[in-house]
Structure formats: C-alpha cells, structure tokens
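The values are calculated or read from the model by the stated rules, or taken from the named source; none is laboratory data. Computed from a predicted model, the values in this text were never measured in an experiment. Neighbour counts are summed over all protein chains in view; Cβ atoms, including those assigned to glycine, are modelled from backbone coordinates with ideal geometry. Just so you know, the surface numbers come from the protein's heavy atoms only, side chains and all, with ligands and any DNA or RNA stripped out. Shrake-Rupley method; radii C 1.70, N 1.55, O 1.52, S 1.80 Å.
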Amino acid sequence: MAIILARRMADLRASDIREILKLTQRPEVISFAGGLPAAEVFPVEAMIDLTANVLRREGHRSLQYSTTEGHPPLRRAIARRMNATTGTRVDEDEILITSGSQQGLDLSAKVFLDEGDVVLCESPTYLGAINAFRAYRPRFVEVPTDDEGMNIEALERLVAHHERVKMVYVIPNFQNPTGRTWSLRRRRGLIEVASRWQLPVIEDNPYGEVRFAGEAVLPLKALDGAHLVVHLGTFSKTLAPGLRIGWVAAQPSLLHKYVLAKQGADLHTSTLAQMQIAEYIEEGMLDRNLPLIRELYRERRDAMIAALAEHLPAGASHTRPDGGLFLWVTLPPELDAREVLKDCIAEDVAFVPGGSFFPNGGHENTLRLNFSAMPVERITEGVKRLCAVLSRHLEGSQARASCV
Ligand SMILES: Cc1ncc(COP(=O)(O)O)c(C=O)c1O
C-alpha cells in the first residue's frame, strides 16, 4: 500500500533551477546566484571571545531551554535599536525572537492563512516567502510594482476585487530580488489601504540596515497608526546568517498568536545564539562592524554597475540599488534567462533566472544578480562573461527573427 502525503506536499516541489544551480558549487564558478553575505566581514575573532564571556557569565543558563518570546536583553536591545535607528515606537514586549526572519514568514502564514486565502505580494517577490506561504495553500495575487514600490491604485482595486484577501506581503527596502526601495509616498499609500480594509501587512526588512547610499525611508512600522504591520527583522545580513536569529515586531495581542504558533514549531530559538547577539549589540560591535559591511557592498555594487555599463547589450536594463545584496536585469522580451543560464554555466558564471520570483509564473526575460558574495575582480570578469553570452543569445534571436 502506498503512503499518502498531505495535499500541501503536491505544491512543494524542488525547482529545476535548484538542480541547475547545484552545478555552480564548483570553486571556479563566479556565482551571482546565491544570496550569501560576504564572509570576509563575519566577526569570527570577536565571536570567539564574546562566546567565552557569555558561557562563563551565564553558565548553564546559556545551554538551557528558555522562553518562546526570547531572551529579554535581546528583545530589549532590538526594540531600542529599532526605535533609535528607524523611528518606530515598539516596546520590548512587542518583540518575538525567531529562528531567522524565514521563520517569521512561516509563522505569518500559519497565523493568517487558510487554504484558498489570498496573499497580495509585489511582482516579483522573495522566493523563500513564496515557498513558505505555499505550504498553507493560498492564492498569490501579484500587485504591479515599479521603481517606487507597489502601484497603490492597483493594490486597492485588487483588494476590492478579491474575496478572502488575508494579508499583504512586502519588502520595502532593497527588495529581494529587484534591489528596489519604496518611496515614502507609496508606503503611506499602502498603510492607508491596509487601514481602510483592516488588512495585516507583513513588512519583511532584512536589508534596511544595509544601506550604503542615499537617505533612509521610514519603515511601514513607523507609519502604522492602526497597528496592522507585522515587521520582520534579522541579523542575517548585519551579523551572520548562520546564527539564525531574527524577530517579529507586532502589537501584543497579535504577537501572542505568533508565540503560540512558534511553540508548536520549535519551542524557542537557540538560547546561546540569542545571548551571543545581545552581547554583540551591547558591546557596540554591531555598530562598529556595519560600516565595514556597507562599504564592502558599495564597492561591489559599483563594480557590478560599472561592468554592466560597459558590457550589457542594448535593449537590456538593470536596477541601481542603494543597499542590499541584489540587482535585477530585464532582457529584451524574446530572451529566456533559463536558456541563458545554461550557456553561462558552461562559462562558469551563474545567476538566478527571474521567472522563479513570480508566484504565478512568466517574466522569463528577467534575472537576479547578487553582488555581495564575490570580490571585485570576479564581479568584473563574471559580468563580462555573462554579457558575452547575452549578446550571443540576442544575435541568435535577431537572426531567427529576420528568417521569419
Ligand atoms: C526578503 C527576505 N526575507 C527573508 C529572508 C530570510 O532571511 P533569514 O531567515 O536568514 O533571516 C531573506 C533571505 O535572504 C530575504 O531575502
């Protein structure tokens, strides 16, 4: 007799891209595919000393079970930091520590979504969120998005048109995958629509502190008079993703639902890792290391943009992010980034085809490039090779068009 899996498993499939990208693990490959932070700026030495201090001071408490809500000094440090740097007014009781912001996404779906409910999201949006939400079997409705963020008129029309809209999911700072940042006007517009329709907004903000140019824009959480915003934060891009520490900031009665959902998932997040990060912040190390991260990423973004300016064939365009890890390339409509990727891998260069970031498919003429993980010389060389493959594909498609 065959075993019968839950229906949701039918929706969870390994993507074909993942299989192709496995080929990019070879060290000679110049990979713009992953979303890895630069390992050079991980504070390894500082963490050795700090961990010894924490273990000596906290003793068995650092290795014991702890509360679901999280280590109080870390919750306090996060609330303080958010309020000081982003203009929010959150209390430490409004912070739940999670195992990365990825867990915040899973818990959001667990808290809000029944099968068939509608999630409104940017088009394109973060692949990891699509996958996390998909396990709860919602319908994704993509809202048209441009350089300023979501089109608010379209958002309102879609909210009015669809029954069972349960939440709006957005990444307003240096979005994954496009690198775009929402204007303040669009942020206010989203909050107005959410308030009118009493819609929860999941504000996913892993990159807000990785700004290396321009002025910061207020987060949705700071504009949220109606307390509808669930803000997700993380130390993955400001310290190290391997520690797996993120947080949810939400009004207390809603946060309590997240706490209940998290209890069933993993009881609580690693006690030792929470203590390490609390100490790291308290000792001022986060503030000292962040400028190094920003400077390195700015250099790498500049190198990528300079190489694209030199080599990107006419008809293709790209975004110019002021922070984060990614930029987004739009190719002429006749090109398929999946086909381009196959040829790039033969040249030892990799990226992620953009179609994967659209929950309802399409847009195969787009691609995402990561600029944080490779040194400048490899970025320059990789973009040159990528653009040579692109030019070949363009010539091929033009030749085919002229034969028709
Ligand atoms: C938009 C977005 N949200 C959430 C995550 C998950 O990050 P983590 O779980 O490491 O905090 C990522 C990771 O790249 C991301 O790009």
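Can you check what the net charge comes to around D91, using other residues whose Cβ is under 11 Å from the Cβ of D91 (Lys, Arg +1; Asp, Glu -1)? Every neighbour counted, the sum reads +1.
A probe of 1.4 angstrom, applied to the heavy atoms of all protein chains, finds L23 with accessible area near 100 square angstrom. Among the listed pairs K166/K342; K22/K166; K22/K221; K110/K342; K237/K384; K237/K262, those whose Cα-Cα separation exceeds 30 Å are K166/K342; K22/K166; K22/K221; K110/K342.
Solvent-free Debye calculation, one equal scatterer per alpha-carbon of the chain: log10 I(q)/I(0) at 0.10, 0.11 Å⁻¹ equals -0.70, -0.85.
Rg/Rh, computed from the Cα trace of region 254-334 with Rh as the Kirkwood radius, has the value 1.22. Ligands, DNA and RNA excluded, the heavy atoms of D343 present near 60 Å² of accessible surface to a 1.4 Å solvent probe. Here the extension length gained between E282 and I48 equals 82.6 nm, from 0.36 nm per residue of separation less the Cα-Cα distance. A simple spin-label model places pseudo-atoms 7 Å from Cα toward Cβ; at Q64 and S253 they are separated by 3.4 nm. Sparsely packed loop sites in region 242-297 (the GluC sites (Glu not before Pro) outside DSSP H, G, I, E and B with at most 14 other Cβ atoms within 10 Å) comprise E283.
Each other residue within a Cβ distance under 12 Å of N131 adds +1 if Lys or Arg and -1 if Asp or Glu, for a net charge of +2. Look at the alpha carbon pairs under 8 Å that are at least 6 residues apart: their mean separation over the length of the chain gives a relative contact order of 23 percent. The mean of 1/r over all distinct Cα pairs in region 160-282, once inverted, gives the Kirkwood hydrodynamic radius of 16.0 Å. Of the residues P219, V159, A278, the one whose Cα sits farthest toward the positive end of the charge dipole of the chain, with +1 on the Cβ of Lys and Arg and -1 on the Cβ of Asp and Glu, is V159. Using the Stokes-Einstein relation with a Kirkwood hydrodynamic radius computed over Cα pairs, the translational diffusion coefficient of region 1-127 at 25 °C and a viscosity of 0.890 mPa s comes to 123 µm²/s.
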